[in-house]
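What follows is a short report on a single structure.
The values are calculated or read from the model by the stated rules, or taken from the named source; none is laboratory data. Note that the structure is a prediction, hence the values are computed from the model and not measured. Neighbour counts run over all protein chains shown; Cβ positions are idealised from the backbone, glycine included. Note: areas computed on protein heavy atoms with side chains; ligands, DNA, RNA excluded. Shrake-Rupley method; radii C 1.70, N 1.55, O 1.52, S 1.80 Å.
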Amino acid sequence: MRYDEKPVHRKLIVPWYDNRLTCLIVILSMLVVFLFALAGISAAGESPIRHKVIWLPILLMGLSASVIISTAVRLFKRFKHRFPRDL
């Protein structure tokens with residue numbers, strides 16, 4: 001007996017982190033972290049003493065950018081499945 005791929009009596013359960021509002025909140029908060037990291041890079045670039053710790057805001061900026069990109073891709077896939085392919 002085969003497993004029914006799209007049963008009629010079941011609804012798709014969307015995880016809490018895949019909600020549209022949650023994705024937008026994550027993107028906005030990571031954008032704030034990204035801007036904070038940019039401010040950290042500019043502050044570390046002004047003083048030669050702080051050049052040793054410039055790796056920390058660069059790491060923070062890279063990690064927040066990766067979260068922004070992955071969440072935006074997840075949100076894009078959700079919107080893409082909502083519309084028909086003929087458009």
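Condition check: farther than 20 Å from VAL33 by Cα, open to solvent by less than 50 Å² (accessible area, probe 1.4 Å) and not β-branched (Val, Ile, Thr). Does SER64 satisfy that?
Values: farther than 20 Å from VAL33 by Cα: no; open to solvent by less than 50 Å² (accessible area, probe 1.4 Å): yes; not β-branched (Val, Ile, Thr): yes.
Judged against the criteria, SER64 is not a match.
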Taking region 47-61 as the search range and keeping residues that are over 22 Å from the mean Cα position of the chain (by Cα) and either within 17 Å of LEU35 (Cα to Cα) or among the hydroxyl-bearing types (Ser, Thr, Tyr) (or both), which one is surrounded by the fewest Cβ atoms within 10 Å (Cβ to Cβ)? SER47
